[in-house]
1. Quick check on the exposure proxy: order Thr152, Thr175, Thr168, Thr120 from fewest to most C-beta atoms within 10 angstrom.
2. What shape does region 23-69 have by the C-alpha gyration tensor, where a ≥ b ≥ c are the square roots of the eigenvalues, rounded means a/c under 1.5, and otherwise prolate means a/b greater than b/c and oblate the rest?
3. Given Cα positions, please report Rg to Rh for the chain, the hydrodynamic radius being the Kirkwood one.
4. Tell me which residues come under 5 Å, amide H to amide H, from Thr80 once H is placed; ignore anything under 5 positions away on its chain.
5. Report ³J(HN,Hα) in whole Hz for each residue of region 73-86, in order, from the Karplus equation J = 6.51 cos²θ - 1.76 cosθ + 1.60 where θ = phi - 60°; Gly and Pro get x.
6. When a/c reaches 1.5 or more, the comparison of a/b and b/c decides; with that in mind, is region 107-153 rounded, prolate or oblate per its Cα gyration tensor?
7. Dividing the convex hull volume of the Cα atoms of region 41-99 by its residue count, what figure in Å³ per residue is obtained?
8. With θ set to phi - 60°, apply the Karplus curve 6.51 cos²θ - 1.76 cosθ + 1.60 along region 31-36 and write out the HN-Hα couplings as whole Hz, x wherever there is a Gly or Pro.
Amino acid sequence: ATTVGVLAVQGAFSEHITALKQLGVHCIEIRKPTDLTSHPLDGLVLPGGESTVIGKLLRELALFEPLKDLIQAGLPVLGTCAGLILLAGQIAEDDTIHFGTMNMVARRNAYGRQLGSFQTEAEFDACGTIPMVFIRAPYIESVGVDVEILATVDNHIVAARQDNMVVTSFHPELTADLTVHQYLLRLVQQKAKPCVA
Ligand code: GLN
């Protein structure tokens, strides 16, 4: 079976595990460096939560460097919400960079901190229309030429892919729709165009 590591130091990781298990994926909760080596990983999920807290814990738990190495080596990775911020090469009006592996500018709490939670539906690449739950979400302000835009809501980029990395500013794990998790699994299977027949 496909094995996916789910970063489990803070945030909405258990919902990702529930979604992946429905797709027959074996999940490993990543809390310490040996969790990355006990079993070969086919993919990785960086969940939503609080990116400042997750970034701090990654460094304290000595997970930062090994995870960055795996991502740079091409391990397929899905980053949702805070996970998107972790992958962003730049964060608007913020000097912080975490993994910084994706050629894009992300804006944190882009919809405002208080009134920041809402649900909508939009097209996700060629996969059709899917439900999207936003919780104090970032959006992607701009992308480099090597980044493919997968979804927009109100003219803001809310999902994108670069090579082995796919990110959403919404929370696919908080709806019953499995499209985004299936997209990750197709990246694992190395299909370049996940929703095109
Ligand atoms: N606002 C959070 C951050 O900046 C992200 C919110 C989320 O992951 N739901 O990290």
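Quick note: the coordinates plus some simple rules give every number you see, no bench work behind them. For clarity, every value in this text was computed on a predicted model and none was experimentally measured. Glycine also receives a Cβ, built like all others from the backbone with ideal geometry; neighbour counts cover every protein chain displayed.
1. With the sparsest Cβ surroundings first, the list reads Thr120, Thr152, Thr175, Thr168.
2. In terms of gyration-tensor shape, oblate.
3. 0.92
4. Leu46, Gly48, Thr168
5. 7, x, 4, x, 9, 10, x, 10, 6, 4, x, 5, 5, 4
6. Cα axes put region 107-153 in the oblate bin.
7. Hull volume normalised by residue count: 79 Å³.
8. Result, ordered by residue: 10, 8, x, 5, 5, 7 Hz.
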